[in-house]
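Let me begin by presenting the structure, written as structure tokens, before commenting on it.
The values are calculated or read from the model by the stated rules, or taken from the named source; none is laboratory data. Since this is a predicted model, take the numbers as computed values, not measurements. In this analysis, Cβ positions are derived from the backbone assuming ideal geometry, glycine residues included, and neighbour counts consider all displayed protein chains. These accessible areas exclude ligands, DNA and RNA; they are computed on the full protein's heavy atoms, side chains included. Shrake-Rupley method; radii C 1.70, N 1.55, O 1.52, S 1.80 Å.
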Amino acid sequence: MKNRHKKKSTMASATAVVPRALGNFPAHTGASRTSQQLGSWQPYLGSADTDTLMDLPALTSRSRDLTRNNGIAAGAIQTKSDNVVGIGLRLNAIPEWKLLGKTQEWASEWGRDVERRFRLWAEGTGCDAARERNFAGLTTLVYKSRLFNSDALALPIWQPVQGEQFATRLFVLESDRLCNPNFSFDTQSRRGGIDIDEYGRALFYNIRTTHPGDIFTGSMVPGVWEKIPATTPWGRKRVIHWASKDRPGQTRGKPIFSSVMQQFKMLDRYASAELDAATVNAMIAAFIETPMEHESLLAMFDGDESKIKPYMDTKAAPQNRARLKSGAIVPLYPGEKLSAFNPGRPAAGFASFMESVLRHIATGLNLPYELLLKDFSKTNYSSARAALLEAWRYFRSERQGLTDYWAKPVYELWLEEAVNAGIVEAPDFYQNKAAYCRSRWIGSGRGWVDPVKEAQAAEIRMDAGLSTLEAECAEQGLDWEEVLHQQAREMQLRNELGLPMPVRTKPPPGEAPGDTPEPDDMKVNPLNLQEPETDEDQ
């Protein structure tokens, strides 16, 4: 009896599970396959590469078209580039001196020497294989390429030139050239032009020698692919590949417009249609109405059909109609009347609808609406500051990715050559490469909404020990050591020229605000205002 009871309960539980497994009674309403709202929503459950690689060519080409022909899309790319890259990234070399068995003084001296030498290489065009851009220009090119091309790709090449100290050059490529040889299908070990191992590590990059869409090199002619290893046997990078990957197992990235591409295009069409309608309607000033029908015209010409058309053409001829202008008197034929034309364009809800869709797009691009449209006319100080702080968190994250996957690998390549050439001293470099190559990169400052309030806040943070001069200077894109050296030079020059030091707006520590001595020039009454009389004066 007990066994039969157990068997029945097992069968009952199995039958209870079957409907739920089939999706008829899901535990989550979002998983329903039969509801009217979600029944037709059946996306394919694919891997990261399955969902990305087959759609990548269409996404990339449409992203570039948006950037070329849509002002808001182009502005979004430029806004991100201006805030993430700005005028470029500055190296701050900070070797791990404790692990190297050195002193902090050695680290400061070594770092300053390396920074000076790297700056000389980066500020010239010798770092570019095409000799067109300096390192800041290449950084901007790489970042923008990653935004609307899905990937950024560069080849570090060895190109010695007589008279130049370094042979390391950077050759930035369009990501379209990274593809499978002969455009073959993706396989388990080769995806999107990258040969990977069982863990997804890139082993080789298959790069086409010419762009597949370049008509000047014969895009229809079979191309030639070069199989480039990811690194040399001793670990030097042969390819720098930066792609934003959202899922495990994802080989290639995707453009930033992917999630809002449909809204962008539809909004562009809607705005263009409204503009066309408003333009056409603006050309129509008024209608001239005539009460005469076809039968009346026939009666007027005694039934002669051939006289109607010349009569109507004469009335419609431009020389027989007065032009509409200020104070004009419009003569009309007998029975005609002038009716005003009210086109009603643009539509009454045009502005609010555009704003609603643009806010959706701004969210998808991780930008505040005000920053996407460059419109702060309806924003107060608190809202603007909150929006910019939220944007700055995103920009800092983007900048960190740019430094980790672009600037730091470039610095490692350059430093390796400098060490091997004896220009920079770094004993046991390959055994301690990570310690020597440790660095921080300073980008453009985030700016201030209210300079007075934010400068006072920075001063309070430093006095309370919550921040440092290095951190505050880095927020504004400055090197704190350069700031101190410049201040020392300015103070010395002021003393030599007999100029007074800048007046402090805050009293020294231990001194009450009311006890601050007042300079003589502050006692002068520049406006010659009459002081109120006191009892002693009377």
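Return one quarter of the surface area of the convex hull spanned by the alpha-carbon atoms of the range 129-187, equal to its mean projected area, in nm². Show your work: numbers first, answer last.
On the way: hull surface 21.9 nm².
Seen from a random direction, the Cα hull of the range 129-187 projects 5.5 nm² on average.
Return the Rg/Rh ratio of the range 226-285 with Cα-based radii and a Kirkwood Rh.
1.42
Within the range 65-205, what whole-number % of the accessible surface is contributed by carbon and sulfur, with the 1.4 Å probe and all protein chains included in the calculation?
On the way: 3490 of 6890 Å².
Solvent-exposed carbon and sulfur of the range 65-205 make up 51 percent of the total.
Between K374 and F216, what is the label-to-label distance in nm when each label sits 7 Å out along the Cα-to-Cβ direction?
Here the answer is 3.0 nm between the modelled labels.
For E226, enumerate residues with amide H under 5 Å from its amide H, sequence gap 5+ or separate chain, H modeled in the peptide plane.
I207, R208, T209
For labels at D450 and M501 in the simple 7 Å Cα→Cβ model, what's the distance in nm?
With each label point 7 Å from Cα toward Cβ, the separation is 3.0 nm.
Can you list the residues, at least 5 places off or on another chain, whose amide H is less than 5 Å from the amide H of R191, using H built in the peptide plane?
Residues meeting the amide H criterion: I196.
At A27 and K433, where each label point lies 7 Å from the Cα along Cα→Cβ, what is the point-to-point distance in nanometres?
Distance between the two pseudo-spin positions: 4.8 nm.
Rounded to the nearest 0.05, what FRET efficiency do V280 and A317 have when you use their Cβ-Cβ distance and R0 = 25 Å?
So, using R0 = 25 Å, E works out to roughly 0.65.
Give the calculated FRET efficiency between T125 and I460 to the nearest 0.05, with a Förster radius of 35 Å applied to their Cβ-Cβ distance.
0.20
Taking the Cα centre of the range 28-136 as origin, sum charge times position over the Cβ atoms of Lys and Arg (+1) and Asp and Glu (-1), and report the length of that vector in debye to the nearest 20.
With only Lys, Arg, Asp and Glu charged at Cβ, the dipole is about 140 debye.
Based on the Cβ-Cβ distance of S272 and Q78, what FRET efficiency does E = 1/(1 + (r/R0)^6) give at R0 = 25 Å, to the nearest 0.05?
FRET efficiency, S272 to Q78: 0.70.
At 0.36 nm per residue, and after removing the present C-alpha to C-alpha distance, how many nm does the segment from R64 to E482 gain when stretched out fully?
146.4 nm
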